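Asks: Below is a structure I'd like to ask you about.
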Amino acid sequence: MVTLMEDVKSTKIFPNQVAIWWLGQAGYIIKTPEDKVIFIDAFLSGGSIRMVPPPLEPEEIECDLYLCTHNHSDHADLKSIAKITKKDDMTFVGPKNVVKSLLELGIKQDKIREVNVGDFVELEGIRIRGTFCIPTDDTVLDTEGFLLQTEDGITIYHSGDTGFHDFLFYLSKYPIDIMMVCINGGMGNMNIEEAVKLTRLLRPRVVIPNHYGMFAGNTADPVRFRARLTGTREEAPCEILKMGEKYVYTRKEG
C-alpha cells in the first residue's frame, strides 16, 4: 500500500496545477509543478482526543516549507515537529510566537523565517504573505493566515483560525484560486454562515472548508457549508476533501 508521503513524492504536477492533500483540521500538503512541497498547520498528534487517526507519521515528513499560522497545538504541533527527522532540509515559517516555540524546540535559527501579518517573503520560489486574522484568544494575538503564490501564479489563501470581520474584504484585491477556510464556529472561529459570507466577498475559484471532524466538541458539517454556499451558479465550487486523498486543481484561463 502506497503511503501518503510516497503519493506526494511520486505525484507529477503540470504547469497551472497544484496538488493538495488534506491532513485533517486545518492541515494541508501542497505540491507545485516545480516539485516544491509545502506543509501548512499539520496536526498529527492528539492521541485519543482525535476523532480520526493521523494520515501519516511525523517521521515520514519531507518538505521544502513547513508553515504554521499560529501557536495553538492543532496548528503548530510541536510534539510532531520534534519527531521530524529531516528538519535541516526544510524551512519553517510562522509568526513571532511560533518562531519562539520552534527555537525552544531546538530548530536552527537559519532554518526559520519569521513572517507576521503584512509581511511578504519569497522562499523556494513560493511567494508568501501573512494575512490579517481576528485572533481567537489573547494567547495568539499574532495569529495570521497565508496567501501563497506558486511559481506559475496560482494563489492559495489559507484563512488560519479567525473570526469574521469586514476588513478581511481587503483580500479581494488578490485573485484567489483556492481558498481554505475554517467553518467550525467554535473557539472564536467563523461559523458556516460567516465562512459563506467571506467566500462570497473574496470570490475564489474554488473553496475548501476545514476545521471539522477532528474534535467531538468542535466540529461542523462541510456538506451544509457547501449547500449554503452554492445557492446560485455564480458561487465558487466547493471541494470537500477526504483526509489523505489527493485533489488536483487546474487553473483555467479566463
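Laboratory data are not the source of any read-out in this text; all were calculated from the coordinates shown. Only a predicted model underlies this, so the values are computations on that prediction, with no experimental measurement involved. Neighbour counts are summed over all protein chains in view; Cβ atoms, including those assigned to glycine, are modelled from backbone coordinates with ideal geometry.
Asks: Could you tell me which of the pairs 31/100; 83/252; 108/252; 31/87 are separated by over 29 angstrom between their Cα atoms in the structure shown?
Replies: Numbers: 31/100 27 Å; 83/252 39 Å; 108/252 40 Å; 31/87 18 Å.
Too far apart for the 29 Å limit: 83/252; 108/252.
Asks: Choose one answer from 39, 132, 169: the residue with the largest mean-square fluctuation in a GNM of the chain with alpha-carbon springs under 10 Å.
Replies: 169
Asks: What fraction of the DSSP beta bridges in region 12-67 is antiparallel, stated in percent and rounded to the nearest 5? Display every interim value, and only then the final one.
Replies: Numbers: 9 of 12 bridges.
In region 12-67, DSSP labels about 75 percent of beta bridges as antiparallel.
Asks: Another question, if that's okay. Taking only the alpha-carbon atoms of the chain, what semi-axes of the equivalent ellipsoid follow from 5 times the gyration tensor eigenvalues under a square root, in whole Å, largest first? Walk me through the numbers on the way to the answer.
Replies: On the way: eigenvalues 121, 86, 72 Å².
They are 25, 21, 19 Å, listed largest first.
Asks: Please list, in chain and number order, the residues 5+ apart from residue 180 or on another chain whose amide H is under 5 Å from its amide H, with Hs placed from the backbone.
Replies: Distant-sequence amide H within range of residue 180: 157, 158, 159, 208.
Asks: Right, here's the next one. From a point 7 Å beyond the Cα of residue 218 in the direction of its Cβ, which residues of region 133-175 have a backbone N at a distance under 12 Å?
Replies: The answer is 136-137, 161-162, whose backbone nitrogens lie closer than 12 Å to the label point.
Asks: Full extension from residue 109 to residue 253: what is 0.36 nm times the residue separation minus their Cα-Cα distance, to one decimal in nm? Could you put the intermediate results ahead of the total?
Replies: Numbers: separation 144, 0.36 × 144 = 51.84 nm, distance 4.08 nm.
Value of the extension gain: 47.8 nm.
Asks: Right, something else. Select from 51, 90, 190 the residue whose mean-square fluctuation is largest in a Gaussian network model of the chain (Cα-Cα springs shorter than 10 Å).
Replies: Maximum among the listed residues: 51.
Asks: Here is a follow-up. Given the options 138, 221, 177, which has the most mean-square fluctuation in a GNM of the chain, springs set between C-alpha atoms less than 10 angstrom apart?
Replies: 138
Asks: Could you give P(r) for region 202-254, binned at 10 Å from zero, as whole percent values over all Cα-Cα pairs?
Replies: Reading upward from the zero bin: 20, 47, 28, 4, 0.
Asks: Could I ask something else about it? Just subtract the alpha-carbon distance of residue 120 and residue 164 from 0.36 nm times their residue separation and send over the number in nm, one decimal.
Replies: Values: separation 44, 0.36 × 44 = 15.84 nm, distance 2.29 nm.
So the chain would gain 13.5 nm between residue 120 and residue 164.
Asks: Label points 7 Å out from Cα along the Cβ direction at residue 14 and residue 138: separation in nm?
Replies: Reported label-point gap for residue 14 and residue 138 is 5.4 nm.
Asks: OK, next. Helix-derived [θ] at 222 nm for the chain: sum -39500 (n - 2.57) over DSSP H runs of at least 4, divide by residue count, nearest 500? Could you put the intermediate results ahead of the total?
Replies: Working: 5 runs with 39 residues, N = 254.
That comes out to -4000 deg cm²/dmol.
Asks: Note the per residue figure in Å³ for the convex hull of the C-alpha positions in region 1-46. Each step should come with its number before you reach the end.
Replies: Working: hull volume 3.5 nm³, N = 46.
Taking only Cα atoms, region 1-46 has a hull volume of 76 Å³ per residue.
Asks: Counting DSSP beta bridges with both partners in the chain, what percentage is antiparallel, nearest 5?
Replies: On the way: 28 of 47 bridges.
In the chain, approximately 60 percent of DSSP beta bridges are antiparallel ones.
Asks: Residues of region 11-54 with the amide nitrogen closer than 14 Å to a label point 7 Å from the Cα of residue 62, along Cα-to-Cβ, please.
Replies: 11-12, 35-38
Asks: Report the one residue of 84, 46, 66 whose Cα lies farthest in the direction of the positive end of the charge dipole of region 42-102 (charges on C-beta: Lys and Arg +1, Asp and Glu -1; origin at the Cα centre).
Replies: The Cα lying farthest towards the positive end belongs to 46.
Asks: Taking the Cα centre of the chain as origin, work out the dipole magnitude from +1 charges on Lys and Arg Cβ and -1 charges on Asp and Glu Cβ, in debye rounded to 20.
Replies: Working: 29 positive and 37 negative charges, 113 e Å.
Charge dipole of the chain: 540 debye, to the nearest 20.
Asks: If you don't mind, another one. What does the C-alpha gyration tensor say about the overall shape of region 115-167? Classify as rounded when a/c is under 1.5, otherwise prolate if a/b is larger than b/c, or oblate. Please list the in-between numbers first.
Replies: Working: a/c = 3.04, a/b = 1.96, b/c = 1.55.
Here region 115-167 falls in the prolate category.
Asks: Another question, if that's okay. Test of understanding: what is the full-extension gain from residue 79 to residue 201, defined as 0.36 nm times their sequence separation minus their Cα-Cα distance? Mind showing how you got there, number by number?
Replies: On the way: separation 122, 0.36 × 122 = 43.92 nm, distance 3.65 nm.
Length gained, residue 79 through residue 201: 40.3 nm.
Asks: Identify the GluC sites (Glu not before Pro) of region 1-100 meeting these criteria: DSSP loop state and at most 16 other C-beta atoms within 10 Å of the C-beta.
Replies: Numbers: sites: 6, 34, 59, 60, 62; in loops: 34, 62.
Listed in order of number, the matching sites are 34, 62.
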